[in-house]
Structures are given as C-alpha cells and as structure tokens.
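Chemist: There's a structure below that I have some questions on.
The values are calculated or read from the model by the stated rules, or taken from the named source; none is laboratory data. The model shown is predicted, which means the values in this text are computed figures rather than measured ones. In this analysis, Cβ positions are derived from the backbone assuming ideal geometry, glycine residues included, and neighbour counts consider all displayed protein chains.
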Amino acid sequence: MKIGLVGFAGSGKTTVFNAMTGLDIPVGFGGKMRMGSVRVPDERVDKLSNLFEPKKTTYAEITFCDVPGEHGAAKQGLSPGALQQIREQDALGLVLRDFVNPALEDDPDPLADLEAFHTESILADLGIVERRLERLKKDRSDLLEQETFEKMKDLLEQEKPLRSLSGSELNRAGLKGYGLLTDIPVLVVLNCEESRAGDPLPKDIKNRLDELFADGISLSASVESEIAELDAEDQEEFLSDLGVTEPALSRLIRTSYDLLDLISFFTVGTDEVRAWNILKGTNASGASGCIHTDLERGFIRAEITPCETLLELGSEQAVKEAGKLQVVGKDHIVEDGDIMHVRFNV
C-alpha cells in the first residue's frame, strides 16, 4: 500500500517523509518521486517471534511516497504534474503547515490550505467527470455508467468528496482508471511548532475533516526527526518530556491502517514469522494469494488460529489438542490477528 505525502511549498512534507522513513532526501528536491518502506510496529509479531525463534522475522510494511514538490503555494493551485502523481496513490497524507517558516511571507493557515487542496481536487474531478459524461451522452452506449457519472457530478457540484459515498451508493468497479482525487482516502498531517508536538488536532480542523470524510494527526516533523535518531530508551524519555506517548510514525501507521481498512494476518514457523497486509473482508483464498499466487490458484483449505489463542496455549500442538484449530474453505473471511496455514495443490 502506498501513501503519498503531498503538501504546498514550505509545509515540511519532505521533512515528514524523512522522519517517517529514516531517509535523508534533500528538502526542495525536484524530479522523480521518492519512496521509502517502513515496518508496521506490532507486538504480536514480537511475541510470535519469541515463541517460534525463527530464522527470520518479517513485519508488514507500508510505503510512503514523497510526491515531488510541484504544488507551489496554496493560492497557485496544483500543477498538472502533481495531480497525475497524486492520482497514483492508494491514500494521501496531506501535510499542512502550522509553524512559522522564515522562507515564507505568509503566516501559517492550515485550514485555508486544507480548503485550497479540497477545492483543487473537486475541480480536477469535475473536469474528468464532465468530459466522460459528455462522451456518454453523445454515444448513448451505457445508461448505467451515465447514471453513475451524473451522481458523481451532482455531489462534486455540492463541493462534497466522492469518498463520502458508500460502496452501496457508488459502484467503483469501473472507476479506478480515472484517478478521481476526492475518492482517495486522505489523512491530514498537521505539521506544527515543536512546542505543540503533543497537542491534538485543533477543533476547527477536526470538524472540517469529519465533513470531508478524512482523518488526521498532528506532529512536529523536526521533533520526529530527532526522535528517529535516538535509541529506544532515550526515545521514551524524550517523548515523556514532550508529553507525547508514542512516536508519530506509530500513530500515523495505525491511523493509515484504519483509513485504508487494512488488517494483518500471520504465517508462522521456525523458518519465518511474518505479518501480511490485507483489506478487511478478504477471504482465505484471497489472503493466500498475498503469500504466493500458487497458493490461491491451488487453494484447498486453510487452517486458522487466532494469534491470542496460540500465545495463550503456547504451541500449535496445544491448539489442536484443545480443539481450537479452525479448518476453513476459500470463502472464509480472514480476521485481524489470524494465523493461517494454507493447504494447496498445483
């Protein structure tokens, strides 16, 4: 899953990216998009690894993308180049400036920047939807698709994002190729002064995000950069002094998981303990395909144990003896924390 970090000039977007990924991309770089993967903190993986003592432990990962800074100032809007790269992301982390930047004349106004980004996204989507509608009306080839695009047009003209429509209200099966910006999940990252690193989101921003069907967290990118350079013990002391309970990376990943509707399942053994990302609602056959396509193609059945059950009983043999091992077919929905062994034949 890719989360694209976007933001207007001077927002601290690249500093946030560096703090999240541990990379050192120069601020203000141009050109291609930079990517960095981070592991998803999960104490269940740690406990399973302690139990099996595998040769390898692999955490689930999320990829952050620093979308090149073609966005300009908020009042200048988004460039076509920036829009195209934004459309390719699974979710967006919109970095809003809430600190004084000596390089900029304007005082920080994160709510105004949020509105500017939303307006640009609405206009970009309206352009796509109106062009497609014009073609559909001319061809008169697909009345059902025309109805879908009419519904989207009406909503966008009300300045409401497409993500506000549920799956039952909007059939998204044929929409992926259009790259509709307001249908992409959005997580606002409010980049604030160091003195407010532990503060929650301001009420006005939180209320507006609720209206936009988006989520958000606040952090100080400069503080997070310092935290990333410390060892675990020093991190805890540093965070305590700031009144912050955990690094922003952990909060950002957890919020991103909820935003993208992701869960984790595990495969375990003496060779490897590994966590995998899947969408909530994925069945056993689909989850097995994340491990390897052959497993999905030749799927016979899956043996599933909740992680908590295995950790409580202490071994897979004890799970079997207690009758807690569940044998399921391909349509069984995998739950967060399930441990899965796949039986297959290709």
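Chemist: Can you name the residue in segment 218-249 that is of a type in the set (G, A, S) and within 21 Å of the chain's Cα centre (by Cα) and, of all such residues, is surrounded by the most Cβ atoms within 10 Å (Cβ to Cβ)?
Modeler: As a first pass, look at segment 218-249 and keep what is of a type in the set (G, A, S): 218, 220-222, 225, 228, 232, 240, 243, 248.
From the residues that got through so far, the ones that are within 21 Å of the chain's Cα centre (by Cα) too are 218, 220-221, 225, 228, 248.
On the way: S218: 23, S220: 28, A221: 24, S225: 16, A228: 16, A248: 25.
Here the residue is S220.
Chemist: Out of the residues in segment 295-309 that are within 20 Å of N277 (Cβ to Cβ) and in contact with a helix residue (DSSP H, G or I) (Cβ under 8 Å, 6 or more places away or on another chain), state the one that is surrounded by the fewest Cβ atoms within 10 Å (Cβ to Cβ).
Modeler: Start the filter on segment 295-309 by keeping residues that are within 20 Å of N277 (Cβ to Cβ), which leaves 295-296, 299, 302, 304-308.
Add one more test, that the residue is in contact with a helix residue (DSSP H, G or I) (Cβ under 8 Å, 6 or more places away or on another chain), and what stays is 295-296, 299, 302, 304-305, 307.
Values: L295: 20, E296: 18, F299: 22, A302: 24, I304: 22, T305: 22, C307: 22.
My answer is E296.
Chemist: Of the numbered conditions (1) surrounded by 15 or more Cβ atoms within 10 Å (Cβ to Cβ); (2) at pLDDT 90 or above, D46 fails exactly one; give the number of that condition.
Modeler: Just one mismatch for D46, condition (1).
Chemist: Okay, next question. Give just the number: which of (1) modelled with pLDDT of 85 or more; (2) within 23 Å of P108 (Cβ to Cβ); (3) among the basic types (K, R) does R34 not satisfy?
Modeler: Evaluating R34 over (1) modelled with pLDDT of 85 or more; (2) within 23 Å of P108 (Cβ to Cβ); (3) among the basic types (K, R) leaves (2) as the failure.
Chemist: Would you be able to tell me the number of residues in segment 163-182 that are in contact with a Pro (Cβ under 7 Å, 6 or more places away or on another chain) and of a type outside the set (S, T, Y)?
Modeler: Within segment 163-182, the first condition is being in contact with a Pro (Cβ under 7 Å, 6 or more places away or on another chain), and the residues that meet it are 163, 182.
Filter again for of a type outside the set (S, T, Y), leaving 163.
Of the residues in segment 163-182, 1 are in contact with a Pro (Cβ under 7 Å, 6 or more places away or on another chain) and of a type outside the set (S, T, Y).
Chemist: Are any residues in segment 150-194 among the hydroxyl-bearing types (S, T, Y), closer than 28 Å to R251 by Cβ and part of a loop (DSSP other than H, G, I, E, B), and if so, which ones?
Modeler: Kept after step one, since they are among the hydroxyl-bearing types (S, T, Y), are these residues of segment 150-194: 164, 166, 168, 178, 182.
Filter again for closer than 28 Å to R251 by Cβ, leaving 164, 166, 182.
Across segment 150-194, the qualifying residue is only S166.
Chemist: So, in segment 183-198, of the ones that are out of contact with any strand residue (DSSP E or B) (no Cβ under 6 Å at 6 or more places or on another chain) and modelled with pLDDT under 95, which residue ends up surrounded by the most Cβ atoms within 10 Å (Cβ to Cβ)?
Modeler: Step one: of segment 183-198, the residues out of contact with any strand residue (DSSP E or B) (no Cβ under 6 Å at 6 or more places or on another chain) are 183, 193-198.
With the extra rule that they be modelled with pLDDT under 95, the set shrinks to 193-198.
Details: E193: 14, E194: 12, S195: 11, R196: 17, A197: 20, G198: 16.
Only one residue tops the list, namely A197.
For every residue, the table says whether it meets (1) closer than 29 Å to L5 by Cα; (2) crowded, with 16+ Cβ neighbours inside 10 Å; (3) in contact (Cβ under 8 Å) with a residue 40 or more places away in the chain.
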residue: R140; (1), (2), (3): no, no, no
residue: E147; (1), (2), (3): no, no, no
residue: E157; (1), (2), (3): yes, no, no
residue: K160; (1), (2), (3): yes, yes, no
residue: L181; (1), (2), (3): yes, yes, yes
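Chemist: If a residue has to be surrounded by fewer than 16 Cβ atoms within 10 Å (Cβ to Cβ) and either more than 19 Å from the chain's Cα centre (by Cα) or free of Cβ contacts under 8 Å to residues at least 40 places away in the same chain (or both) to count, how many in segment 271-290 make the cut? Write out each step before concluding.
Modeler: Quick first cut of segment 271-290, residues surrounded by fewer than 16 Cβ atoms within 10 Å (Cβ to Cβ) only: 271-272, 279-281.
Of the ones still in play, those that are also either more than 19 Å from the chain's Cα centre (by Cα) or free of Cβ contacts under 8 Å to residues at least 40 places away in the same chain (or both) are 271-272, 279.
Of the residues in that region, 3 qualify.
Chemist: May I pose another question? Residue under question is L252, and the condition is that it be assigned by TED's automatic domain parsing to the domain that holds M20, of a type outside the set (G, A, S), within 21 Å of A214 (Cβ to Cβ) and surrounded by 15 or more Cβ atoms within 10 Å (Cβ to Cβ); does it hold? Reasoning before the result, please.
Modeler: Numbers: assigned by TED's automatic domain parsing to the domain that holds M20: yes; of a type outside the set (G, A, S): yes; within 21 Å of A214 (Cβ to Cβ): yes; surrounded by 15 or more Cβ atoms within 10 Å (Cβ to Cβ): yes.
Against the criterion (assigned by TED's automatic domain parsing to the domain that holds M20, of a type outside the set (G, A, S), within 21 Å of A214 (Cβ to Cβ) and surrounded by 15 or more Cβ atoms within 10 Å (Cβ to Cβ)), L252 qualifies.
Chemist: Kindly indicate whether any position in segment 200-207 is of a type in the set (D, E), in contact (Cβ under 8 Å) with a residue 40 or more places away in the chain and over 26 Å from E236 (Cβ atoms).
Modeler: Taking segment 200-207 and keeping what is of a type in the set (D, E), we get 204.
So of that shortlist, the ones also in contact (Cβ under 8 Å) with a residue 40 or more places away in the chain come out as 204.
With over 26 Å from E236 (Cβ atoms) added as a condition, the list becomes 204.
So far as segment 200-207 goes, yes, one or more of its residues are of a type in the set (D, E), in contact (Cβ under 8 Å) with a residue 40 or more places away in the chain and over 26 Å from E236 (Cβ atoms).
Chemist: Given the residues V268, V327, V346, which is the only one that is surrounded by 14 or more Cβ atoms within 10 Å (Cβ to Cβ) and over 30 Å from A221 (Cα atoms)? Show your work before the answer.
Modeler: Working: V327 fails: surrounded by 14 or more Cβ atoms within 10 Å (Cβ to Cβ); V346 fails: surrounded by 14 or more Cβ atoms within 10 Å (Cβ to Cβ).
Among V268, V327, V346, only V268 is surrounded by 14 or more Cβ atoms within 10 Å (Cβ to Cβ) and over 30 Å from A221 (Cα atoms).
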